[in-house]
1. If you plug each phi of segment 101-113 into the Karplus form 6.51 cos²θ - 1.76 cosθ + 1.60 with θ = phi - 60°, what whole-Hz ³J(HN,Hα) values come out, in order, with x for Gly and Pro?
2. Each residue of segment 116-125 in order: what ³J(HN,Hα) in whole Hz does its phi give by Karplus 6.51 cos²θ - 1.76 cosθ + 1.60, θ = phi - 60°, with x for Gly and Pro?
3. Could you tell me the relative contact order of segment 2-145? Use alpha-carbon pairs under 8 Å, at least six residues apart, and round to a whole percent.
4. Say each of residue 100 and residue 78 gets a label point 7 Å from the Cα, pointing the same way as Cα to Cβ; how far apart are those two points in nm?
5. For a bin width of 10 Å, list the pair-distance distribution of segment 2-145 built from all Cα-Cα distances, rounded to whole %.
6. From the residues 135, 113, 50, which one has its Cα farthest along the dipole of segment 2-145 in the positive direction, the dipole being from +1 and -1 charges on Cβ of Lys/Arg and Asp/Glu about the Cα centre?
7. From the phi angles alone, apply the Karplus equation (6.51, -1.76, 1.60; θ = phi - 60°) to segment 60-74 and give each ³J(HN,Hα) in whole Hz, x where the residue is Gly or Pro.
8. 7 Å from Cα along Cα→Cβ at both residue 133 and residue 23: what's the point-to-point distance in nm?
Amino acid sequence: MAKYILILALFINTNSWGQKLIDRDQITQSIHNVVKQQETDWNAGNIPGFMEGYWRSDSLTFIGSKGLTMGWQKTLDNYKKSYPDKATMGKLSLEIIKLDILSTEAAIMIGRFTLLREKDKPTGLFTLIWKKIDGKWLITSDQTCG
């Protein structure tokens, strides 16, 4: 009898683990899709479209070379001020170095951004905290250096 309980426990545990792997793949793909869309929007000169990957909240945090910015609108305004035209925006490339799925509702990403512009090629690292909010994966915190 104990043998059957052990086999059943292993089956249930294995089945749950397998389901988590499937969910992990789906989460990874969903987040990758947001990143790809952000690249596309940025390269089209569409900063508001790029910002759709961020949590539209006053609690959004962005840490960059100018310090801490709180809020989606303020972050959008800063992007528009720092990148007033397509020439300053350049062509964005985002490389995902590591994506850790923390739960079905949270993930953390480390990556590299590169802007290819006519006169320079700025690059740097970023850490993004992602949360699933209202069924969508969104960046709730962005720490970028470079």
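1. My calculation for segment 101-113 gives 7, 7, 6, 6, 10, 8, 8, 10, 10, 10, x, 10, 10 Hz in order.
2. Ordered by residue, 3J(HN,Hα) equals 9, 10, 4, 10, 7, 9, x, 8, x, 10 Hz.
3. Values: 224 pairs, mean separation 29.1, N = 144.
Computed over segment 2-145, the figure is 20 percent.
4. 2.4 nm
5. Taking all Cα pairs of segment 2-145, the binned fractions are 11, 37, 29, 11, 7, 4, 1, 0 percent.
6. Towards the positive end, the residue furthest out is 113.
7. My calculation for segment 60-74 gives 4, 10, 9, 10, x, 5, 9, x, 8, 10, 10, x, 5, 4, 5 Hz in order.
8. Once both label points are built, they end up 2.1 nm from each other.
None of the figures in this text is laboratory data; all of them are computed from the coordinates on show. As the structure is a computational prediction, the values presented were derived from the model and not from experiment. Reconstructed Cβ throughout: ideal geometry from the backbone, glycine too, with neighbour counts over all protein chains shown.
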